[in-house]
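First up is the structure itself, then whatever we jot down about it.
The values are calculated or read from the model by the stated rules, or taken from the named source; none is laboratory data. Note that the structure is predicted; figures quoted are calculated from it, not measured. Here Cβ is always computed from backbone atoms with ideal geometry, including for glycine, and neighbour counts include all displayed protein chains. With ligands, DNA and RNA removed, areas are computed over all heavy atoms of the protein, side chains included. Shrake-Rupley method; radii C 1.70, N 1.55, O 1.52, S 1.80 Å.
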Amino acid sequence: MMEFLQAHQLDFMLALSGICGALAFLILIAGALSKKRKRVLILMEIVAVFLISFDRLAYIYSGDVSHTGYIMVRLSNFIVFFLTAGIVFAFNLYLKDLLTDEGHKTTTPRRLRTVEIMAVTEMILVVISQFTNMYYYFDEMNRYHRGPLFLLSYVIPVVAPMIQFSVIQQYRKLISRLIYISLILFIFVPIFFAIVQIWTYGLSLVNIAMVFVAIGLYVFAYLDINEKVERANKLEIEFLKNNRDRTMKMFDQTSKAFVNAVDARNIHTQGHSERVALYSKRIAEMCGKNEEECENIYYSALLHDVGKIGMPDSIVKKDGELSAEEFEEFKQKPVIGNQILSQIEDFPYLSDGAHYHCERYDGKGYPEGLKGDRIPEIARIVAVADAYDMMSSRNSQRDPLPQYIVREEIIKGSGVQFDPSFAGAMLQLMDTDNSYQMKSDAENVDTSVNQEFICTDYRSVISYGIQILEDVTRIRFRAVSTIDGNGGYSAPSVILFDAYDGRVHETERSIRDTRFIEYGELWFDGHTISTGARNMETKVSDTEIPTPVKDNTIYEIESLRQKDHVRIRMFNSGKTVEVTAALPDSSRYAYISLTGENCRISDIEITNEGEPKPEDAIPRIADEVSYINRLESDIPNIQINNNRSDHTRGIEITDGMSLTFHTVSLPAANLVWHCPYIVIFSSDDGLVNGENYTEYSLVRLDGEIQESSEAARNETVTEKNEGFSGWNDWKEFNKKGYESTVYFRRSGNRIVTETENAGIHIKNTTVVNDRKRNIFASITGDMCAITDIRIRAKS
C-alpha cells in the first residue's frame, strides 16, 4: 500500500490541489453561505492549494542541484511548514465563526485565542528554522533531511487541535450534527497520520490528510445547509399544512354550524346535511375517488340544502304534503343554493351539490332538467345519498322506512332517478351496514328490548321484537301490577308477528311500509287470539318446565321455530302455557314482543341456547305449505323461502349450455329481488358451500350488478328494453310465474351468462382467475319456487 502511495503521490497531490482550487471558486460564487463563512472557507481552501502544491514541488525538485532546484526545494519546504501552522490558524477562524454564527456566542473562548498565538508562534519558529536548520536541512545533493528538532514542528499542529477539540466538545449542543462530524474528522485524521508520518519517510501523509479534511469541511458544510433547507422546507410544509388544517377545521365547523341551523328549521331534518355528506363521501370512496375528491364531495354534499334558507317557514316546517303552488316555490331551493355558494369562487365545486342534486338521471328533475352525465358527478352522488337519508329518517307523516324498502326504492330509481353506478355503490354500503348504523341519530335508539317499561292501557307500550330462531330463546322478566287496590285487570302478554323492522305497527301506512302481519296475541293464563296464523293450538298444564318459578311476579318464555311452525312456552305461578302456531309459510319470519295492561315490566333477560332442536321438536298442526308440487325434470325442484336458503346441485358449465326453468315468487314476496339468481362457483363436490367452495359470480334476474371478487372479475351489463314496464309490473310478473332460460358461453376461464325476462336483459361476463378447477352453475334466489328445471347442452 505504501509503495502504491509513494509511486502515485505526486498525482494525488496534483488532483487535490485542483479540487481545492475548484472548491474555492465554488464557495466564492455560492449564495447559501454567510459572507464571513465564505471568507474563512475560501482561505482554508487556498491555504490547502498552496500547501499541497508546494509540497508536491518539494518532491519534484528534491535532488535537483540546479539553481532553480536549489531555490524551489527551499521555498517549497518553507511554505509547507509555514502553511501547516497556517491551516491550523484558518481552522481556528472557522471555529470562531461557527460559535458566533450557529452558537450565537458574543465572546471568543480564551482557548481559541491561545491556539491563534500558538499558530503564529509556530510560523515564527518556521522562519527561524531557515537559519538554524532545527526542523530540516539539505545536503550537497539538494535533498531534504529532518533536523534535530523536527518533532518540535509537530507539537503545535497536534496540541492546538486538541485544544480546539475541547472547545468543540464544550459547545457540542450548539453545533449541528454534520458540522460536528466534519470538525472531528479535521482534528483527528491529521493527528493519526502525523503519528504514522513519524515512522514513514518520503510520504506527505499529514499534508494530504489535512487537504482531504479541508475539502471535507466544504462538503459537510453544504450537506449541513441542505439538511437545514430540507428541515426548513418540512417545517414550512408542516406550517402550511397545519394552517390549512386549521382553516379547513374552521370551514368545517362554520359550515356545519350553518347547515345545522338550516336543518333545525324542521325538527325532522336535524342532522340531515351531515349524514348526506357522510354517505356521499363513502359512496365516493367506494367508487375509487382520491382523498381530495372525497373531501370536495363531502363539503358539496354538506351544503346541498343551503337553499332552504331562502324558503319560508310555511314550506320548510309544513307537516303535510306541499300543494302544487308550494312545490313550485320549493323548486327554487337549488337555485337559491347555487346563488349563495357560487360566490365562493375558490371552491366552485361547492355549488354543484346544491344546484343539481334535484336533477334526475332520466332528465325529469329540476331546476334545469339535465339528463345522465350532463348532471355534474358530485350532484349525482349527492342525489343518491340525499334520497337514502330522507327515506331512512322519520318525517311528519311516517316513521323511517325499513332498510328492505329503502333498498328496493334505490334499485327502482337506478337509471331513472339515480346514476346506476352510484346507486350500486349505495346498495353495497347498505348491504355492509349489518347493524343499521346508517340512519338518523333520532333513529339510533337501542333496538334491544328495554329493561323496564310501564303499560297502562293494553298495548300502550310494546317492546321491540325478539326474533324466534331455530334454536331455543329464553326470555325472563318481572311484571308487577300498577293498580292500587283490587279493581281492574293487570297482566303481561305477548304479541306474535312479522315485520321488516321487527316492530309492532298499528297505523295503516306503517303496516304497509313494513309489511307487518300479526299472527296472534298470547296471555300467561292460556288465553290466545289467532289472527294471521294458519292455525294455533294452546295447551295449559301445571307442569313446571323447564325450571320451577316460585315468585309469581317472575315470568318466563321459551321460543322455538321449525320451518313454518313456532312453539312458545310461557311459565308463571306453577302454570305452563304451550302455544303452537302455523305460519302462512316457511318464508315468513316470526317475532315476539312484550306488552301488557296496567303493569310494570322490568328486569328483562334474553338468552339463546345456540343449538338447533331435532326436526320433530314441534309437532305439526298444519300441512307444510309447498309451492313445488308440480312437474320435475332433469334436477329436483327447490323452494327458496329466504335469501339463498336453498340451491340446486351444481351443473358443470359447458360452452353453449342453457338452463330453462319455471319460477314463481312466494305469496310473502314483495320486493324486486324476490326472484331467481344464478350462482357460478367451483367446489370439489359440485355443491354450493361444498368442499373447497369458491363463488365467482351471482347473477340476479332483477339485473342488480354484482361486484368483482378476488376469485374472479365480473362485468354486468343490464338493459331495460320496451318489454320492461316498471318495477311493480316486474313484481306482478314474478307472482304470476314465468319460464326463464339462461344461456352460457364458455371459453376457458371466461364465462358469459345471458338471459332476458320481462324486458330486463342481463349479460354478465365472468373471468375466473383459477384456470384449473371445474366451474358449475346453480339456481337459487329469494322467496321463489323453481320447478321443471331442464338442462340443454350445445346441439
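For the chain, the 222 nm mean residue ellipticity estimated from helices alone, with every DSSP H stretch of n ≥ 4 adding -39500 (n - 2.57) and the total spread over all residues, rounds to -13500 deg cm²/dmol. Taking the C-alpha atoms only, the angle from helix 35-61 to the longest principal axis of the chain is near 50 degrees. With the cut-off at 15 Å, report for the range 553-618 the share of all Cα pairs above it, as a whole percent. So the pairs more than 15 Å apart make up 62 percent of the total in the range 553-618.
Heavy-atom accessible surface of Thr576, to the nearest 10 Å², is about 0 Å², with a 1.4 Å probe and all protein chains retained.
The distance between label points at Phe165 and Val229 comes to 3.3 nm (points 7 Å beyond Cα on the Cα→Cβ vector).
Per-residue Karplus couplings for the range 729-742, computed as 6.51 cos²θ - 1.76 cosθ + 1.60 with θ equal to phi - 60°, are listed in order as 5, 4, 5, 5, 4, 5, 5, 6, x, 7, 9, 10, 10, 10 Hz, Gly and Pro entered as x.
What's the long-distance tail for the range 195-319, i.e. % of Cα pairs beyond 25 Å? Taking all Cα-Cα pairs of the range 195-319, the fraction more than 25 Å apart is 58 percent. When all protein chains stay in place and ligands, DNA and RNA are ignored, the 1.4 Å accessible-area order of Phe131, Phe193, Phe138, largest first, is Phe131, Phe193, Phe138.
The candidate values are (i) 1.28; (ii) 0.99; (iii) 1.03; the one derived from this structure for Rg/Rh (Cα atoms, Kirkwood Rh) carries the label (i).
With each label modelled as a point 7 angstrom along the Cα→C-beta vector, the Glu321-Lys173 pair spans 7.9 nm. In degrees from 0 to 90, rounded to the nearest 10, what is the angle of the helix 420-432 Cα long axis to the longest principal axis of the chain? Tilt relative to the chain: about 80 degrees. Return the FRET efficiency for the residue pair Val155, Arg244: r is the Cβ-Cβ distance, R0 is 51 Å, and the value is rounded to the nearest 0.05. After rounding to 0.05, the efficiency reads 0.25. Accessible area per residue (1.4 Å probe, heavy atoms of protein chains only) ranks Val73, Val416 as Val416, Val73, with the largest value leading.
In this view, the solvent-accessible surface of Leu26, computed with a 1.4 Å probe and all protein chains in place, comes to about 80 Å².
Helix 2-29 axis versus longest C-alpha principal axis of the chain: approximately 70°, rounded to the nearest ten.
Residue separation of Gln343 and Ala264 scaled by 0.36 nm, minus their Cα-Cα distance, works out to 26.0 nm of gained length.
As a fraction of the 1.4 Å probe accessible area of the range 722-775, surface on carbon and sulfur atoms comes out at 42 percent.
The order of Ser709, Ser176 by accessible area, most exposed first and with a 1.4 Å probe, is Ser709, Ser176. Which values of log₁₀ I(q)/I(0), to two decimal places, follow from the Debye formula for the range 645-795 at q = 0.16 Å⁻¹ with a uniform point scatterer at every Cα? The Cα Debye sum returns log10 ratios of -0.84.
Computed from label points 7 Å out along Cα-Cβ, the spacing between His67 and Ala622 is 13.7 nm. Ordering Asn142, Leu41, Val127 by the projection of their Cα atoms onto the charge dipole of the range 8-144, which places +1 on the Cβ of Lys and Arg and -1 on the Cβ of Asp and Glu, puts Leu41 at the extreme positive end.
Potential lengthening of the chain between Thr456 and His104 amounts to 118.3 nm, from the contour at 0.36 nm per residue minus the alpha-carbon distance. Accessible surface of Ile651, taken over heavy atoms with a 1.4 Å probe and every protein chain present, rounds to 10 Å².
I need to check one value: relative contact order of the chain, counting alpha carbon pairs closer than 8 Å and at least 6 residues apart, in percent.
8 percent
Each Lys and Arg adds +1 at its Cβ and each Asp and Glu adds -1 at its Cβ; summed about the Cα centre, the range 125-244 shows a dipole of about 500 debye.
Please report the relative contact order for the range 219-347, taking Cα pairs under 8 Å with a sequence separation of at least 6, and give it as a percent rounded to a whole number.
Reported as a whole number, the value is 20 percent.
Taking other residues whose beta carbon is less than 9 angstrom from the beta carbon of Asp419, and scoring Lys, Arg as +1 and Asp, Glu as -1, yields -1.
Taking a point 7 Å out from the Cα of Val189 in the direction of its Cβ, the residues of the range 205-234 whose backbone N falls within less than 20 Å of it are 205-227. Residues in the range 244-260 carry Karplus couplings, in order, of 5, 4, 5, 5, 5, 5, 5, 4, 4, 5, 5, 4, 5, 4, 5, 5, 5 Hz; the curve used is 6.51 cos²θ - 1.76 cosθ + 1.60 with θ = phi - 60°, and Gly or Pro positions show x. In the range 624-765, a dipole from Cβ-located charges (positive for Lys and Arg, negative for Asp and Glu) runs towards its positive end, and of Leu687, Val699, Cys675 it is Cys675 whose Cα lies farthest in that direction. Coupling constants for the range 591-599 follow from the phi torsions by the Karplus curve (6.51 cos²θ - 1.76 cosθ + 1.60, θ = phi - 60°), and in residue order they are 10, 10, 10, 8, 8, x, 9, 6, 8 Hz; glycine and proline get x. Only one residue of Gln339, Ile601, Ile789 has its Cα farthest out toward the positive end of the dipole of the chain, where Lys and Arg carry +1 and Asp and Glu -1 on Cβ, and that residue is Gln339. Length gained on full extension, Asp655 to Asp634: 5.7 nm, using 0.36 nm per residue less the C-alpha separation.
Just want to confirm a number: the relative contact order over the range 665-784, from Cα pairs under 8 angstrom separated by 6+ residues, in percent.
On the way: 249 pairs, mean separation 42.6, N = 120.
Averaging sequence separation for qualifying contacts and normalising by length gives 36 percent for the range 665-784.
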